[in-house]
Amino acid sequence: FQMIKIEKKEFFEILFSIIILTFIFSIKPFKLYLDLIPISFLIVSFSFLFRILIQKFIYEIFGYKAKYRINIPPFLASTFLAFIGIKLAAPGYVEAFPYKYKSWKYSRIKFSNEEIGKVAFIGNIFNALLAMIGYSLNLEILREVNSWILFFNLLPILPLDGSKILKWSFGHWVALFIFSILLLIL
């Protein structure tokens, strides 16, 4: 078991993403609820940070280096859309890099759609499990945060996880996407 490395720039991108998601989940249409900020911050930090760490760890098991990156357009749009009740909960993504240090040089490795899809799938399963725990324990904020993170990350748009899972397995993507919708409407 090795330590997952987070670079300084990556740390700040994760922190900014957690802050924007905390803000998003502290807003109900047209109003910011200050009393929701502390619990939103705790739930978002746990849900989002562990999702990223799980994906980075699995990428490393497959031999890829991975970093979290902010996706600027959704990051900015999510702030504005939150005020009208739309929770765009996909401020960034974990990106794998196709280089491996071996024999005193870097070599390019070919991405496997199966490996990349499985990493994306496992990260989303984590959020699905947390949403189900929130639902079963009647913890609305835990269900809501993880359901929205799950739903938006499953959209089949690059660089989101949905496109990666779809390249690997249409059936896995459909099942998880339908499940994410059910979690949102429950």
Helices (runs of 4 or more DSSP H) within segment 139-186 that include 1 or more residues open to solvent by 70 Å² or more (accessible area, probe 1.4 Å) and of a type in the set (D, E, K, R): 140-153, 161-168
Residue pairs, Cβ under 6 Å, 6 or more apart or interchain, first in segment 170-186 and within 13 Å of Tyr135 (Cα to Cα), second polar (S, T, N, Q) and assigned to a helix (DSSP H, G or I). List them. Leu183/Ser147; Leu184/Ser147
Quick check, is Leu129 part of a helix (DSSP H, G or I), surrounded by fewer than 20 Cβ atoms within 10 Å (Cβ to Cβ), at negative phi and of a type in the set (A, V, I, L, M, F, W, C)? yes
So in segment 108-126, with the set limited to residues that are open to solvent by less than 40 Å² (accessible area, probe 1.4 Å) and among the polar types (S, T, N, Q), which one is farthest from Trp173 (Cα to Cα)? Ser112
Please tell me if Phe41 is of a type in the set (A, V, I, L, M, F, W, C) and in contact (Cβ under 8 Å) with a residue 60 or more places away in the chain. no
Test: residue in segment 42-59 that is in a loop (DSSP other than H, G, I, E, B) and modelled with pLDDT under 90: no
Test result for Thr79, closer than 19 Å to Val145 by Cα, of a type in the set (Val, Ile, Thr), part of a helix (DSSP H, G or I) and at pLDDT below 85: yes
Is there any pair with a first residue in segment 13-29 that is of a type in the set (Asp, Glu) and a second that is open to solvent by less than 20 Å² (accessible area, probe 1.4 Å) whose Cβ atoms are under 9 Å apart and which are 6 or more apart or on different chains, and what are they? Glu13/Tyr68; Glu13/Pro91; Glu13/Gly92
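Table: residues versus (1) more than 17 Å from Leu21 (Cα to Cα); (2) touching a strand residue (DSSP E or B) at 6+ places or on another chain (Cβ under 8 Å); (3) not basic (Lys, Arg).
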site: Ile37; (1), (2), (3): no, no, yes
site: Ile61; (1), (2), (3): yes, no, yes
site: Ser78; (1), (2), (3): no, no, yes
site: Ala82; (1), (2), (3): no, yes, yes
site: Leu88; (1), (2), (3): no, no, yes
site: Phe97; (1), (2), (3): yes, yes, yes
site: Lys110; (1), (2), (3): yes, no, no
site: Ile122; (1), (2), (3): yes, no, yes
site: Tyr135; (1), (2), (3): yes, no, yes
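The values are calculated or read from the model by the stated rules, or taken from the named source; none is laboratory data. Model, not experiment: these values are computed from the prediction. Note that we place each Cβ from the backbone using ideal geometry, even for glycine, and neighbour counts take in every protein chain shown. When the accessible area is computed, the model is the full protein with side chains, heavy atoms only, and any ligands, DNA or RNA have been set aside. Shrake-Rupley method; radii C 1.70, N 1.55, O 1.52, S 1.80 Å.
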